[in-house]
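Enquirer: One structure coming up, written as structure tokens, with questions to follow.
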Amino acid sequence: MKSNRYIVLLDNQHESTIRSVEKEFAVSVTSSELLSKDNRSFDIIDDSHAVLYKNLSMMVVDNVDEKQLSLSLTDKKSPIVYFEKERDFYVADELSLIEELKMDIDALKNKILELESTIRKKPAQQPSVSATELEWGLKAIGMGDTLFSGKGVNICILDTGFEIQHPDFAGREIEGKSFIEGEDWDRDPNGHGTHCGGIACGNVRNDTGKRYGIAKDSNLKIGKVLSDKGKGSTSSIVDAIDWAITKQFRIISLSLAAPAKLNEKPSVLFETIGKKALDNNSLLIAAAGNDSNRPASLAPVSVPANSLSIMAVAAIDKEMQIARFSNAGINAATGGNIDICAPGVNILSAYPQKNGSSDNYESLSGTSMATPFVSGMAALYMEQFPNLTAREIWGLLENNAKPIEKLKYRDIGKGLIQVIK
């Protein structure tokens, strides 16, 4: 039976506070300081055991009484200041919507098949283009004008893992950890994480020598927070971000999303996480989500990108138009605004080989693809300006972004990321 898991925000982490929580909810609390490759959160958390993430002042618990949690919020003596039930997150590429809809009721079957067919046929309907032309995104952000490569900067990709055997990354030292029980971080049957890692940290194709990656000399770090099927949860993401902050990774890239409702306020949990990351000199960059169907309908920025302390990234296409699927800052009054935009349509990057194929590359679309563009650019800035804080790098990304004529702030924020010449 699936558990009811909650993420609980505490106002302090004093020993007396932890003891009172243990007593009130009849659980034993383990600090994230004690976690290791042999002692994972998913091995610990159950009805009687919780984990406290020290960098975030958050605790994850299973099957506690929700009414009791609610009462704690009204108790001035309680250290609990907020709690939220765990939610599901998915990869933020265009085809992920199809997989989610497939699990829905039979009445949607015909609509799903029609939508899937339309999306998969799009490349065949377009004129064939050379590998160089597929790298339009790098040209759009001015990659030909930089001498920087992200050298020495740690970029952490929180996603479906990474295919460590990919030939473009042979001999490259890659650190990682899995936060999904029973699945390894250094293989990627899904392919999404490898594609995102390739955009942010890759270099050139081993077959043609054409470039597709941004921060080729950065240090690639991998946190597997989404399963091989592209699905994850709040607790695995919180666990991974706490780990990344402990490791002092400067950039944490999140090409994942959970839909937000119209006028929904940002999650207090993720707003707190974003602030604590910035306080620890780490920048969280997240996909705005792919729930729109422009021009007919716009969807608000997804969780966690809708938090003010997390950079929200929209996607544009080769024609410098907002991507059809890219979510919009229509919840800006509550915090859910777009900060910046990047290429996100028909983006070529590294990909695991498919059965019967020798191809190591794939072209994908989504705000998932735009997000590692920004993460890679942030690494170039951090190498170029090593004394700037994460907050200052955020400001630099926005201040040097290029406005796009006729596109709204609601859709692209400050504009398209650019190399600083």
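The values are calculated or read from the model by the stated rules, or taken from the named source; none is laboratory data. Bear in mind the structure is a predicted one, so any value in this text is a computation, not a measurement. Don't worry about glycine lacking a Cβ; one is built from the backbone with ideal geometry, like all the others, and counts go over all protein chains shown. Ligands, DNA and RNA are stripped out before the accessible areas are found, and what is left, the full protein with its side chains, is counted by its heavy atoms. Shrake-Rupley method; radii C 1.70, N 1.55, O 1.52, S 1.80 Å.
Enquirer: Of everything in segment 169-189, what is open to solvent by 40 Å² or more (accessible area, probe 1.4 Å) and either at pLDDT 95 or above or not small (Gly, Ala, Ser) (or both)? Give them in sequence order.
Expert: Arg172, Glu173, Glu175, Glu181, Gly182, Glu183, Asp184, Trp185, Asp186, Arg187, Pro189
Enquirer: Go through (1) out of contact with any Ser or Thr (no Cβ under 9 Å at 6 or more places or on another chain); (2) surrounded by fewer than 24 Cβ atoms within 10 Å (Cβ to Cβ); (3) within 21 Å of Asn290 (Cα to Cα); (4) at pLDDT 95 or above for Asn387 and report which single condition fails.
Expert: Failed condition: (3).
Enquirer: Another question, if that's okay. Could you tell me whether Leu380 is in contact (Cβ under 8 Å) with a residue 40 or more places away in the chain, open to solvent by less than 10 Å² (accessible area, probe 1.4 Å), touching a strand residue (DSSP E or B) at 6+ places or on another chain (Cβ under 6 Å) and under 30 Å from Phe169 (Cα atoms)?
Expert: no
Enquirer: Out of everything in segment 287-308 that is part of a loop (DSSP other than H, G, I, E, B) and open to solvent by 10 Å² or more (accessible area, probe 1.4 Å), what residue ends up being farthest from Ser375 (Cα to Cα)?
Expert: Ala296
Every residue, every condition in (1) assigned to a strand (DSSP E or B); (2) at pLDDT 95 or above; (3) surrounded by 12 or more Cβ atoms within 10 Å (Cβ to Cβ); (4) of a type in the set (A, V, I, L, M), yes or no:
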| residue | (1), (2), (3), (4) |
| --- | --- |
| Glu99 | no, no, yes, no |
| Leu108 | no, no, yes, yes |
| Gly152 | no, yes, yes, no |
| Ile155 | yes, yes, yes, yes |
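Enquirer: Mind checking which residues of segment 64-94 are part of a strand (DSSP E or B) and not aliphatic (A, V, I, L, M)?
Expert: Matches in segment 64-94: Tyr82, Phe83, Glu84, Lys85, Asp88, Phe89, Tyr90.
Enquirer: Between a first residue in segment 231-243 that is touching a residue at least 60 places away in the same chain (Cβ under 8 Å) and over 12 Å from Pro304 (Cβ atoms) and a second residue that is part of a helix (DSSP H, G or I) and open to solvent by less than 10 Å² (accessible area, probe 1.4 Å), which pairs have beta carbons less than 7 Å apart while being 6 or more apart in sequence or on different chains?
Expert: That search, which allows pairs on different chains as well, returns Asp239/Ser41.
Enquirer: Can you name the number of the only condition in (1) open to solvent by 10 Å² or more (accessible area, probe 1.4 Å); (2) more than 19 Å from Gly142 (Cα to Cα); (3) assigned to a loop (DSSP other than H, G, I, E, B) that Gly161 fails?
Expert: If we test Gly161 against (1) open to solvent by 10 Å² or more (accessible area, probe 1.4 Å); (2) more than 19 Å from Gly142 (Cα to Cα); (3) assigned to a loop (DSSP other than H, G, I, E, B), just (1) comes out false.
Enquirer: Right, another one. From the residues in segment 71-85 that are closer than 21 Å to Thr234 by Cβ and touching a helix residue (DSSP H, G or I) at 6+ places or on another chain (Cβ under 8 Å), which one is surrounded by the fewest Cβ atoms within 10 Å (Cβ to Cβ)?
Expert: Within segment 71-85, the match that is surrounded by the fewest Cβ atoms within 10 Å (Cβ to Cβ) is Lys85.
Enquirer: Would you mind telling me which numbered condition in (1) within 16 Å of the chain's Cα centre (by Cα); (2) in a loop (DSSP other than H, G, I, E, B) Leu284 fails?
Expert: (2)
Enquirer: Same structure, new question: What are the residue pairs meeting all of these: first residue in segment 406-421, first residue closer than 19 Å to Phe148 by Cα and surrounded by 18 or more Cβ atoms within 10 Å (Cβ to Cβ), second residue among the polar types (S, T, N, Q) and modelled with pLDDT under 95, Cβ atoms under 6 Å, and 6 or more apart or on different chains?
Expert: Val419/Thr146
Enquirer: To continue, here is another question. Can you tell me which residues in segment 141-150 are open to solvent by less than 20 Å² (accessible area, probe 1.4 Å) and of a type in the set (Gly, Ala, Ser)?
Expert: Residues satisfying the conditions are Gly142, Ser149, Gly150.
Enquirer: So is Ser41 among the small types (Gly, Ala, Ser), in contact with a Leu (Cβ under 8 Å, 6 or more places away or on another chain) and under 26 Å from Trp185 (Cβ atoms) or not?
Expert: Judged against the criteria, Ser41 is a match.
Enquirer: Does Lys216 meet the test of being charged (D, E, K, R), out of contact with any Asp or Glu (no Cβ under 9 Å at 6 or more places or on another chain) and under 17 Å from Tyr361 (Cα atoms)?
Expert: yes
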